[in-house]
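Step one of this worksheet: look at the structure below.
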Amino acid sequence: MEEKNTVNTQHQAAIDELEKNQVILTPGQLVMRRFFRNKLAVIGVCILVFMILFCFIGPLFYPYSETELFYINEETGEQIRMYETEKLKTAILYTRAPMSAEHWLGTDDMGYDVLARLMYGGQISLMVGFVVVIVEMLIGVTLGGVAGYYGGKIDMIIMRLVEIFVSIPFIPLMLIISSLLISMKISPSVKIYYTMFIMGVIYWAGVARMIRGNILSLREMEYMQAAEAAGIRTSRKIFRHLVPNVMPLIIVMATMDLGGVILMESTMSYLGIGVSAPFASWGNMVSAVTNDAIMRNFLNIWVPPGLCILLTVLAFNFVGDGLRDAFDPRMKR
Amino acid sequence: MKANDTVLDVIDLRAKDTVLDVIDLKKYYPIKSGVVQRVVGHVKAVDGVSFSIKRGQTFGLVGESGCGKTTIGRTILRLTEPTGGKAIIKGRDVFALSKRELRKMRPEMQIIFQDPYSSLDPRMPVGEIIGEAVKEHNIVPRAEYRDYILKVMHDCELRPYYIDRYPHEFSGGQRQCICIARALALNPDIIVADEPVSALDVSIQAQIINMMRDLQEKRQITYLFISHDLSVVEYISDVVGVMYLGNLVEKAPKTELFKNPQHPYTRALLSAVPVPNPDVKMNRVILQGDIPSPANPPKGCKFHTRCPHCMDICREQAPEYKDYGGEHFVACHLMDQK
Amino acid sequence: MQEKELTTKQRLRSIKKFNARKYRELKRLRRRRSVPVSEYTTQMADPNNLLEIDDLHTYFYTDIGTVKAIDGVTFQIPRGKTVGVVGESGCGKSVTSLSIMRILQEPQGQIASGAIRYNQLAQNRAIDLVKTPLKEMQKIRGGEISMIFQEPMTTLNPVFTIGKQLDEAIALHSKKMPKKEVAARSVEMLKLVGIANSEGVYKMYPHELSGGMRQRVVIAMALACNPNLIIADEPTTALDVTVQAQILDLLRSLKEKINASIMLITHDLGVVAEMADLVVVMYAGRIVEQGTVQDIFHRPMHPYTIGLMKSRPNFVESGDRLYSIPGNVPSPIDLPNYCFFRNRCSQCIAACDGAYPPLMAVSDTHKVACYLCENAQGKDGE
């Protein structure tokens, strides 16, 4: 019997040696691994990286600005830029120019360069997305977390508030606010920030609802009870146990919402209540299709921004989906 | 009247080495209904339970699902607030403490849960899971912290290099070891073990049970061992209490209870356990029906609806829970007839 | 590090390719319109058997490799007997039952090879369930072979009444029966499983019943079509002890009434000892020991079976330590080519380093897969 026991301890030692050398993966590393194994998600990341480079680095290498108008001498066909003042006298606006070496994507109905506006418009669209999501997450996570963690009366009040916010008809409200802002003579560049802020304030309700549900279920997890039984401080319970475990949900929701917000911003700009001229956004660029002639003959004006919206929103959704699967592999299939 | 009697009994019996004294513990959950959530009744999950555990002993609490045994465990630790009664640990009533005092007293009473998967935070390495509360309560000086954790891990048969790993790398049995280590690291006087082996495979169960017994011997820990598995309870406990619908129906030292069960429910419970011997055909007491809903328990003796020896008095009057000699407590009218 | 990463990547890719091929093969197999009867009729090895499982291999083709859930399992279910299949979680006992019913999660789970010969008594022929087309299988499932699952709540559909679900089960396999007769039979079935208020329960919804009652209803459904074989997968694990006693008592009394074979899958040795005539002990996808109940409980031979028994408190004196089997069940991917139990065994001998031990007969009924028993032939019972 003695001898056999040593055989066993030898086995155990061998197993120990093997296990010791095993690579330790933190949950975060595991998530990254699973994420990068997902092809669609990686494609999404590539698209997003490309879009960000295109919108924020691209303008540095492109000679034209977003608000620069282009002119042409009708007789000679010579193209004239805005600062060549003496030549401007005989020139007319160079609108609906075809794609050429000077204007890669041509110019639009007003005489702006489409590619330049695509870049600056992208900046605005992405910025709106990020700012709105940050605002809505800040409000939503705080209120949702408070409601879920403390429960009782506070929960009741916050949840009723959420219900009120989700029943506000968004587009009519934005129409009213937009005309209000116009009547107050607020300049278009400031108006963008108002719009972002209002969207964030309205969108928090959905986030709060999800976070509250998640916190409620986490609070019932036995490790939270064990922390309570061990007399862990409330602040530590929240920041060391709750927050890291809600984080996946927050990240996934934020990514998915980014796509949604960009889409919403486009819709609003299309309707003329979001970003307005002279500033570009993908949404108000697409709105050129309302002109029948442009829709038929000048695809170079409205297809690129449309494609950009589609690709970006799609990419955010791919990444969001990929993140969700990576955080919770059981959700798959 | 009845409640006062039991209180006196327990206090009489209380010796110096009693670690936990539970006196007339009650936990009611309100049943709410309607738009305004008016309270229309109560689920009496625990309805006046008293027992005490001596240092270094194991009190086994058995009963079927819904009998309130888990609620007792959680209420004693004040993970849920009690409705009434007292739980005295080291001379102090846990239910009377303020939040602050309670937090200070937490290390003295710990809990092990049934499900080893949901009881470990997936985003914390093992070392921190075990050591979190040690740091919180300054149980050891900072300098000795790591050695202390390693020592606790060693006691719980965990390898030292597990310290930086995350729960997802461990099997159910190892996770339960981590849970025990977490409880043990605080040097508790009493550990409430709420079905600690029910979710594990048979061969792993044995490992956990052996470990719990070894630790008890080494550190004089007191266990409140809650389980529905009678054979495990018989193996590990010194005193066993049988619960039915929120009440203790019988309580006695282990050998006495298993050799000489008095309450008809205890008898049925014991005979219901399958015997792993194909040649023994047991004369089984098979109970009819199911446990009644605790929201609407039967009048009189709560067991009378299923009792094979039900008498008229059982339907009218609840039997008294008292000592019939040799610390053998029973709540049954049959006892008075003998 | 870089190199290692590459190899795991390559390995994963090759697994993926392999799995895709397996899925395609299965798809092709399923697409066949008509399978001639001769292809799946066989001959029983022993006409007294109801079911013969012969060298069954069931694999799961997962993303991280092939899981050999069942790796060469052979046992028989004689007519009118109860066979208990025991083992810990992940040992392949449930997969065996799913393979018999052919309800594996396809295309990941597939029967790789082997035969399940089923004695179709009514038609006086034997068929191989592995090769039987799914259409034919559907007639057998729930009719001739029925199943009782662990969790009665999820087995019953919460939106239909008990009566409706029972009626459906009966009508499905005897289509010409008039509605009234079907209903009458449903009530009769409920009475058979010991539900006193059978007419009342007939009209109730599953949530109105307690766990024990639900399990009775599930058993009634399983019995509704006079099955030849009942597969009970942990039928009492979710129930309380006193209710478990009721259900086991019911199953025992029913066995005499209906003359069916039962395959009882459980991890509880006590339940097996009470219910079964024959016992199969499984470990990591293989049978380690099989025999009659007396063989297994009075003369256990395999160290795993012995360890399993000694680890239960009701087998040992209360003062003694429980025996705990050291280590863990090996990972089901890339199982070693020696005895799977070697690393956890306290009685290893030199021969254990060799190939996986075959099942060796120690007596007429008792077989063990362990080199320790190689020379024990005929010694059984001494």
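Overview of values
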item: Sole residue being in contact with a strand residue (DSSP E or B) (Cβ under 7 Å, 6 or more places away or on another chain) and more than 25 Å from C:Arg79 (Cα to Cα), chosen from C:Gln110, C:Gln120; result: C:Gln110
item: Every pair of residues 6+ apart whose Cβ atoms lie under 7 Å, when the first sits in the stretch A:298-313 and is of a type in the set (Ser, Thr, Tyr) while the second is surrounded by 22 or more Cβ atoms within 10 Å (Cβ to Cβ) and assigned to a helix (DSSP H, G or I); result: A:Thr312/A:Ile262
item: Failed condition for C:Gln43, given (1) touching a strand residue (DSSP E or B) at 6+ places or on another chain (Cβ under 8 Å); (2) within 24 Å of C:Gly285 (Cα to Cα); result: (2)
item: The stretch B:76-97: number of residues that are within 12 Å of chain A (Cβ to nearest Cβ) and touching a residue at least 40 places away in the same chain (Cβ under 8 Å); result: 3
item: B:Glu157, sole failed condition from (1) more than 12 Å from chain C (Cβ to nearest Cβ); (2) part of a loop (DSSP other than H, G, I, E, B); (3) closer than 30 Å to A:Gln29 by Cα; result: (1)
item: Residues located in the stretch A:219-234, provided they are at pLDDT below 90 and more than 7 Å from chain B (Cβ to nearest Cβ); result: A:Arg219, A:Glu220, A:Thr234
item: Spans of strands (runs of 3 or more DSSP E) in the stretch A:10-122 with at least 1 residues away from every other protein chain (no Cβ under 14 Å), closer than 30 Å to A:Asp325 by Cβ and among the acidic types (Asp, Glu); result: none
item: Filtered residues of the stretch C:274-295 (kept if buried (at least 23 other Cβ atoms within 10 Å of the Cβ) and free of Cβ contacts under 8 Å to residues at least 40 places away in the same chain); result: C:Glu274
item: Filtered residues of the stretch B:13-44 (kept if buried (at least 16 other Cβ atoms within 10 Å of the Cβ) and under 21 Å from B:Ala96 (Cβ atoms)); result: B:Thr18, B:Val19, B:Leu20, B:Asp21, B:Val22, B:Ile23, B:Asp24, B:Leu25, B:Lys26, B:Lys27, B:Tyr28
item: Filter pass, C:Ser324 being under 25 Å from B:Tyr235 (Cβ atoms), within 11 Å of another protein chain (Cβ to nearest Cβ), surrounded by 17 or more Cβ atoms within 10 Å (Cβ to Cβ) and more than 24 Å from the chain's Cα centre (by Cα); result: yes
item: Qualifying positions in the stretch B:270-312 - crowded, with 17+ Cβ neighbours inside 10 Å and small (Gly, Ala, Ser); result: B:Ser271, B:Ala272, B:Gly300
item: Per-region count, the stretch C:327-347, residues more than 10 Å from every other protein chain (Cβ to nearest Cβ), under 19 Å from C:Leu372 (Cβ atoms) and in contact (Cβ under 8 Å) with a residue 24 or more places away in the chain; result: 3
item: In the stretch B:117-138, the residues that are at pLDDT below 90 and more than 8 Å from every other protein chain (Cβ to nearest Cβ); result: B:Tyr117
item: Check on B:Leu287, out of contact with any Leu (no Cβ under 8 Å at 6 or more places or on another chain), facing chain C (nearest Cβ under 10 Å) and touching a residue at least 12 places away in the same chain (Cβ under 8 Å); result: yes
item: Test result for A:Leu323, in contact with a helix residue (DSSP H, G or I) (Cβ under 6 Å, 6 or more places away or on another chain) and within 14 Å of another protein chain (Cβ to nearest Cβ); result: no
item: Among residues of the stretch A:119-149, those that are more than 17 Å from the chain's Cα centre (by Cα) and either of a type in the set (Ser, Thr, Tyr) or not assigned by TED's automatic domain parsing to the domain that holds A:Met159 (or both), counted; result: 2
item: Candidates B:Leu97, B:Leu102, filtered to the one that is touching a helix residue (DSSP H, G or I) at 6+ places or on another chain (Cβ under 8 Å), under 16 Å from B:Ile190 (Cα atoms) and not basic (Lys, Arg); result: B:Leu102
item: Residue match in the stretch B:75-83 (condition: within 17 Å of A:Ile232 (Cα to Cα), hydrophobic (A, V, I, L, M, F, W, C) and modelled with pLDDT of 90 or more); result: yes
item: Residue that is modelled with pLDDT of 85 or more, among the polar types (S, T, N, Q) and not assigned by TED's automatic domain parsing to the domain that holds A:Trp104, where the choices are A:Asn5, A:Asn21, A:Asn38; result: A:Asn38
item: Subset of the stretch A:268-286 that is touching a residue at least 24 places away in the same chain (Cβ under 8 Å) and part of a helix (DSSP H, G or I) - its residue that is surrounded by the most Cβ atoms within 10 Å (Cβ to Cβ); result: A:Trp282
item: Residues that are part of a loop (DSSP other than H, G, I, E, B) and of a type in the set (Lys, Arg), drawn from the stretch B:70-90; result: B:Arg78, B:Lys90
item: Among (1) within 14 Å of chain B (Cβ to nearest Cβ); (2) under 28 Å from C:Ile15 (Cβ atoms); (3) buried (at least 23 other Cβ atoms within 10 Å of the Cβ) - the single one C:Gly84 does not satisfy; result: (2)
item: Lone qualifier among A:Ile215, A:Ile171, A:Ile158 - being surrounded by 15 or more Cβ atoms within 10 Å (Cβ to Cβ), assigned by TED's automatic domain parsing to the domain that holds A:Val252 and in contact (Cβ under 8 Å) with a residue 60 or more places away in the chain; result: A:Ile215
item: Enumeration of residues in the stretch B:91-125 that are among the charged types (D, E, K, R) and in a helix (DSSP H, G or I); result: B:Lys99, B:Arg100, B:Glu101, B:Arg103, B:Lys104, B:Arg106, B:Glu108
item: Scan of the stretch C:220-248 for residues that are in contact with a strand residue (DSSP E or B) (Cβ under 6 Å, 6 or more places away or on another chain) and not in a loop (DSSP other than H, G, I, E, B), ordered by number; result: C:Ala222, C:Leu229, C:Ile230, C:Ile231, C:Ala232, C:Asp233
item: Lone qualifier among C:Ile162, C:Ile170 - being touching a Lys or Arg at 6+ places or on another chain (Cβ under 7 Å) and free of Cβ contacts under 8 Å to residues at least 60 places away in the same chain; result: C:Ile170
item: Filter result for A:Arg209 (within 14 Å of chain B (Cβ to nearest Cβ), part of a helix (DSSP H, G or I) and either charged (D, E, K, R) or touching a His at 6+ places or on another chain (Cβ under 6 Å) (or both)); result: no
item: Count of residues meeting criterion [under 14 Å from the mean Cα position of the chain (by Cα), under 24 Å from B:Arg103 (Cα atoms) and not charged (D, E, K, R)] in the stretch B:52-81; result: 10
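The values are calculated or read from the model by the stated rules, or taken from the named source; none is laboratory data. Not measured: the values here are computed from a predicted model. Every residue, glycine as well, gets a Cβ built from its backbone with ideal geometry; the counts of neighbours run over all protein chains shown.
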